[in-house]
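Notes follow the structure.
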Amino acid sequence: MSRMIVISNRVAAPTQGGAGSQGGLAVAIAAALKEYRGMWFGWSGERIAEYTGAISIARHDGVTTATIDLEEQDVDEYYNGYANKTLWPLFHYRLDLVEFDRAFGAGYARVNQRFADAVAPLIEPDDLVWIHDYHLIPLARELRARGLKNRIGFFLHTPWPPARLLATLPQHEELVQCLMTYDLIGFQTEDWLDSFRAYILGQVGGSESDGVFTAYGASVRAGVFPIGIDAEAFIAAAHGPEADAAHDRIVHSIAGRKMLVGVDRLDYSKGIEDRFLAYERLLTDHPEWIGRAFLLQIAPPTRAGIGSYQDIRERLDALSGRINGAFADVDWVPLRYVNRAYPRGELAGIYRAATAALVTPLRDGMNLVAKEYVAAQDPDDPGVLILSKFAGAATQMGSALLVNPFDGQDMMEAMDRALTMPLAERKERWTELYDGVRQDDVLAWREHYIAALQETPSQQGPWPSAAAPVQGQPA
Ligand code: GDG
């Protein structure tokens with residue numbers, strides 16, 4: 001078959017059992033690339049004084065990577081700026097945190113052009129190109145402008161916002177025009193596809209037929225491809241020596257108490273603050289859990305240079321201090337709040353030791369922690385998954401205790417219910433969840449996506465033009 005060229009913002013081939021706090025994206029892409037001959041292109045994560053366009057090629061754990069370094073201004077305007085201060089909060093419905101800055105738009109356009117200049121010569125005519133996530137929406141348009149006629153697919157790991165929210169972005173129309181230059185757009189859930197549909201049909205006056213959207217004189221196929229975890233590898237890790245050791249260590253420290261666990265990148269979209277507040281309410285309204293249960297929250301910091309991330313970290317520090325100050329005893333701490341990453345194997349052992357997992361993002365494209373928690377459970381004594389209705393994962397994991405993360409009472413009641421759930425009900429719920437996690441794993445995801453991309457008749461243009469790069473001008 002043709003080669004596969006994966007392009008994402010960061011290239012970070014994870015090694016088996018590696019510590020790292022790589023997000024789900026990195027984990028999923030590495031699993032896919034091991035199967036195909038091909039290459040993973042992106043930013044090295046390094047900053048240099050002046051951009052050179054030099055490409056470093058390497059092989060890691062069966063995966064060929066090609067990376068470029070970016071200069072400081074690129075990182076500020078494209079990565080910290082447009083990607084993480086503008087698009088990320090907007091795509092997670094957080095208009096209150098969105099920063100619109102003309103320089104961010106210009107940096108976003110510039111880096112997408114730099115990516116295109118660097119990667120285009122590495123792409124052969126029959127390669128499949130698979131571009132990931134919100135950082136690189138304009139990349140296909142840039143590649144088309146450089147003469148590439150390959151099939152190019154895009155997968156969005158985050159939600160796609162409702163049309164009225166998207167319309168607050170000064171460059172909303174141009175962003176959608178960029179999407180029209182792909183052959184296939186993949187969303188995590190029907191909800192995000194619906195938002196895209198509403199924009200194309202309602203905002204632009206485009207049309208849809210058989211999953212193909214036509215607008216701005218171009219057509220693109222769009223579909224739903226919910227991402228999964230590398231279930232087999234995770235289940236194996238959960239039964240490995242590292243997991244066993246972590247499990248035993250934590251069980252020893254639990255000393256007969258029940259543990260609730262949360263594992264999230266330290267991000268305001270993950271709902272950690274509302275979760276802490278609901279847990280505080282549990283201790284207040286159900287004092288029988290004082291001394292008998294505790295919450296372990298693992299939250300490795302990410303995007304630490306961005307103000308909204310510093311703010312959430314400060315609020316969580318204060319809140320965890322308040323909860324522990326109010327409820328702790330000499331031999332019991334209600335909240336173990338840990339700002340570091342653990343190796344995957346250890347994480348699996350920790351999941352297995354927990355009576356329940358709190359996966360309660362305010363909004364999430366999918367959420368892989370929910371699936372990892374299920375994969376790691378002991379079939380004879382499985383824990384309970386408490387899952388936000390607003391995570392993409394909720395569409396596949398209806399046997400979890402589904403909660404509204406904005407409703408503290410609802411979350412508090414779910415915690416109490418999980419901590420007291422009889423074994424038979426736990427097993428029944430878990431079995432359904434486990435079957436789904438195994439079946440809809442990362443292998444199924446990439447096979448469905450790549451098959452759909454291969455089947456999509458390649459458009460030969462003309463595509464909406466790249467003549468006017470995103471300069472931060474209102475559309
Ligand atoms: C984006 C979308 C979508 C976390 N702490 C540690 C650790 N992690 C790992 C988890 C999991 C991954 O990070 C997080 O994945 P999520 O899916 O929960 O969230 P994002 O990072 O926001 O990912 C999301 C995903 O892309 C895939 O499409 O599901 O909606 O936002 O794998 O285990 N890993 C290790 N130590 C930690 O302490 N080793």
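The values are calculated or read from the model by the stated rules, or taken from the named source; none is laboratory data. Fair warning: this is a prediction, and the values are worked out from it, not measured in the lab. Backbone-built Cβ (ideal geometry, glycine too); neighbour counts: all protein chains shown. These accessible areas exclude ligands, DNA and RNA; they are computed on the full protein's heavy atoms, side chains included. Shrake-Rupley method; radii C 1.70, N 1.55, O 1.52, S 1.80 Å.
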Other-chain or far-sequence residues with amide H under 5 Å of D378's (modelled H): G383
HN-Hα J in Hz across the stretch 267-279 - Karplus 6.51, -1.76, 1.60, θ = phi - 60°, x for Gly and Pro: 9, 4, 6, 7, x, 5, 5, 4, 5, 4, 5, 5, 5
Å² per residue, accessible surface of the chain at 1.4 Å: 38 Å²
Residue-wise HN-Hα coupling along the stretch 442-453, computed from phi with Karplus coefficients 6.51, -1.76, 1.60 (Hz; x: Gly, Pro): 5, 5, 4, 4, 6, 5, 4, 5, 5, 4, 5, 5
Long-range HN-HN contacts of G228 with modeled amide H, under 5 Å: V442, W445
Sites R281 and D101, calculated FRET efficiency, Cβ-Cβ separation with R0 51 Å, nearest 0.05: 0.85
Integer Hz, Karplus 6.51/-1.76/1.60 couplings in order for the stretch 366-383, x for Gly and Pro: 10, 4, 8, 4, 4, 6, 5, 4, 5, 4, 7, 6, 7, x, 7, 8, x, x
E72 versus D380: modelled label distance in nm, points set 7 Å from Cα along the beta carbon direction: 6.0 nm
Amide N of the stretch 346-371 lying under 13 Å from the label point, which is placed 7 angstrom from the Cα of R249 along Cα→Cβ: 346-351
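State the percentage of accessible surface on the stretch 209-321 attributable to carbon and sulfur atoms; use a 1.4 Å probe and exclude ligands, DNA and RNA.
Numbers: 2340 of 4500 Å².
Result for the stretch 209-321: 52 percent of the exposed heavy-atom area is carbon or sulfur.
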Whole-number percent relative contact order across the chain, with pairs defined as alpha carbons under 8 Å at least 6 apart: 18 percent
Area accessible to solvent at T214, 1.4 Å probe radius, in Å²: 50 Å²
By average C-beta atoms within 10 angstrom, highest first, the peptides 157-164, 449-456: 157-164, 449-456
Where E432, E72 fall by accessible area, highest first, once all protein chains stay in place (1.4 Å): E432, E72
Number of Lys pairs (Cα under 20 Å; 8 or more positions apart or on different chains) in the stretch 231-439: 5
Amide H within-cut-off set for G38, under 5 Å, with H built and near neighbours excluded: M4, T64
